[in-house]
1. Going by the structure shown, is A:D247 within 16 Å of ligand 5 (Cβ to nearest atom) and within 9 Å of chain B (Cβ to nearest Cβ)?
2. With respect to the numbered conditions (1) at pLDDT 90 or above; (2) more than 14 Å from chain B (Cβ to nearest Cβ), which one is the sole condition not fulfilled by A:G3?
3. Condition first: within 8 Å of chain A (Cβ to nearest Cβ), among the hydroxyl-bearing types (S, T, Y) and within 16 Å of ligand 2 (Cβ to nearest atom). Can you find one or more residues in the range B:235-249 that meet it?
4. Which condition breaks for A:M102 when tested against (1) within 10 Å of chain B (Cβ to nearest Cβ); (2) within 16 Å of ligand 5 (Cβ to nearest atom)?
5. Using the structure shown, decide if B:R106 is in contact with a Phe, Trp or Tyr (Cβ under 9 Å, 6 or more places away or on another chain) and part of a loop (DSSP other than H, G, I, E, B).
6. Would you call B:M99 of a type outside the set (V, I, T) and more than 14 Å from chain A (Cβ to nearest Cβ)?
7. Which of the following residues is among the β-branched types (V, I, T) and assigned to a helix (DSSP H, G or I): B:I140, B:I117?
8. Quick one: is B:S15 more than 16 Å from ligand 5 (Cβ to nearest atom), among the polar types (S, T, N, Q) and open to solvent by less than 30 Å² (accessible area, probe 1.4 Å)?
Amino acid sequence: MAGSGKIHLRPNSEPILVVQDLVVNYKVSRKTVISAVAGISFDVLRGETLAIVGESGCGKSTLGRAVLQLPRPQGGTVVLDSIEITALSGNDLRDIRPRMQMIFQDAISSLDPRLQVKNIIDEPLKAWKKGTAAQRSEKVDDLLDAVGLDPEIVRDRRPYEFSGGQCQRISIARAIALEPMLLVCDEPVSALDVSIQAQILNLLQDMKDKLGLTLIFISHDLAVVKAVSTRVLVMYLGKICEVATPDDLYAHPAHHYSRALIAAVPIPDPEASVDKIRVTGEPPSPINPPSGCRFRTRCESASDRCAAEEPQLQEIGLGHFVACHHPLIK
Amino acid sequence: MTALIKLTDFSVSFSTPRGDLHAVRGVDLSINKGESVGIVGESGSGKTVLSRATMGLMPSTATCTGSVEFNGVDLSRLSRKDLRNYWGTGMAMVFQDPMTSLNPVRRIGSQITEGLIVRLGMSKEQARGRAIELLDRVRISDPFATMKKYPGELSGGMRQRIVIAIAIACTPELLFADEPTTALDVTVQAQVLELLAELRQEFNMTMLLVTHDLGVVAGQTDRVVVMYAGQIVEAATTKELFKNMKMPYTEALLKSIPRLDQQAGQRLKVITGRLPDPTKPEPGCAFAPRCLYATDKCRSEQPPLVTTQTGHQYRCFFPLGGAN
Ligand SMILES: Nc1ncnc2c1ncn2[C@@H]1O[C@H](COP(=O)(O)OP(=O)(O)OP(=O)(O)O)[C@@H](O)[C@H]1O
Ligand SMILES: Nc1ncnc2c1ncn2[C@@H]1O[C@H](COP(=O)(O)OP(=O)(O)OP(=O)(O)O)[C@@H](O)[C@H]1O
Ligand code: SF4
Ligand code: SF4
Ligand SMILES: [Mg+2]
Ligand SMILES: [Mg+2]
């Protein structure tokens, strides 16, 4: 299956992560297959934050998990720090795990309800033998403190005693415990109120500066994405639509889907006018995606060419790429 | 107008090994039929506990005091069995974490049709038809196929929409929506919010919307309640609140919203410090340790909830813009 091209890759900038032609299909019955990630390529430079945005169900979580081989994708390659992890044996993959971590979307249900918070966070430290019990316990307290929770108060409690946002912070503390080089954050702040959101985002920023952490940041909050990311990848139904810096993307979206996405952001002012370029129509089924451009069933500029030919990414500005036959800017 | 739901001096505490944890403290709140009220507040401020406790969904470690009246009936006096009669058609809830409220080993179809069969007495066939219609209304692209799936086979946002479909299935009079759109991208979010607005119109449904997204609050609610450390600290009509906020906390909350018109890569503003330990309530204003304007009085005395002539309520000795 053709992807959307690779012109946006930057092999000369020594990317820390290079993903090429990644394919993930879910087999839902004997005959039907969902094409969740359909030949996606991208790279991330050291210290960069790549944001992934797109409609619910378009394959963002699947893509994030596939990069970390959770589970292994059906096709494509993933190279992390010059190691092709898609080619590693199970044991070698296990050894590299601490260097790549993920904060899962369902924070509450990803925590073991039977464990006390201190044990949840200590688990990876213990498994990878990071220090003595006393050292680890100190580290656990530091981590809790870093995510804005008081160790005294929360250490001995269990997940069900916490609010949604508190659980999310516990899972963030666990994910950063091993100081990974790559952290995939799947909606890491969506359950958090704005002030804590800001605190966590700043924390991730600090970790980036301190540890040279590289982030893949999946989010539907475009304002948050703008604040944290260096590059944004817009997805639609398993494919890439557009790649750009957040400033470029928001000021000059070139793909018809990106434009609708940006126009739909709610504004914190009850008197703001609600014009809207809406994405109308039903999202197509990933079991039987439209030919050519997958967005064409909902695009008002769709032409015959859009049905016949899959658009490939083209560069329309410095570092700004779009996969569209009739982009909004040329 | 009569209140559909009325909370009076409502408190919830949990007994924990470290002592009683006061999650909700002395809340008075009355919501009229057809109204849409937003609850905002920091993570851990008691928004979820307040909504769950109102519905009677609390673990045995919780103690609720005060009263909850629904259509004039004091729910706190009802047995668990009588209370159940209100679930689904009287009140329903969209839970914050979809995965924990869906049964992972049952198909989506049977989870949606259950309420329709049990509470509305529909036949299996009728319920199935209605379920498919509901899935369509929450913008699930392939309702027929989705009926046969298990929750684990859906994306986060799809699961959230399933939970919404279940909650609205029996067209409840009062819908508690606890962060109903956090897992949705903005375009689907807009569609789901539109659907909720339609239901309010069509069935005069009342909604209590818990969210941290002040953009959603601005567009979807008539009135906003701001919670801090288990208390209501400010309440006003949505227009009034955004224009004329009184609480230093509300101001800080608004300032920390990342906005699209902000430059990329800027450090975000935060409210420094954190919520007080809910097992040891502050003697004074709960926000005092973090408030820019705090004085000695704030640290030693509890500010009362003041109601202005226009009905704007706040809990602060030194409200922004003075006491009017
Ligand atoms: N079952 C429980 N046992 C003990 N404490 C609990 C329990 N459930 C909630 N709490 C505590 O009650 C307080 C309020 O929690 P609640 O879930 O209402 O917060 P919230 O405002 O909904 O936050 P969020 O925005 O993060 O969802 C928190 O301090 C939480 O730790
Ligand atoms: N385990 C699974 N089995 C079968 N299908 C799956 C599975 N996980 C995801 N899918 C399907 O793959 C597609 C992509 O799902 P994914 O969770 O990656 O979406 P997403 O972009 O993260 O969406 P959201 O924003 O709602 O979280 C969806 O159509 C979903 O139904
Ligand atoms: S113009 Fe064609 S290629 Fe571009 S988004 Fe619309 S349908 Fe796709
Ligand atoms: S009462 Fe004092 S501490 Fe509390 S919010 Fe008002 S000014 Fe701040
Ligand atoms: Mg997801
Ligand atoms: Mg909550």
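The values are calculated or read from the model by the stated rules, or taken from the named source; none is laboratory data. Keep in mind that this is a model prediction, so the values were computed, not measured. We place every Cβ from the backbone using ideal geometry, glycine too, and count neighbours over all the protein chains shown. Remember, those area values only see protein heavy atoms, side chains included, never the ligands or the DNA or RNA. Shrake-Rupley method; radii C 1.70, N 1.55, O 1.52, S 1.80 Å.
1. For A:D247, the condition - within 16 Å of ligand 5 (Cβ to nearest atom) and within 9 Å of chain B (Cβ to nearest Cβ) - is not met.
2. All conditions pass for A:G3, except number (1).
3. Checking the range B:235-249: not a single residue is within 8 Å of chain A (Cβ to nearest Cβ), among the hydroxyl-bearing types (S, T, Y) and within 16 Å of ligand 2 (Cβ to nearest atom).
4. (1)
5. Criteria met by B:R106.
6. So B:M99 fails the test.
7. Residue meeting the stated conditions: B:I117.
8. For B:S15, the condition - more than 16 Å from ligand 5 (Cβ to nearest atom), among the polar types (S, T, N, Q) and open to solvent by less than 30 Å² (accessible area, probe 1.4 Å) - is not met.
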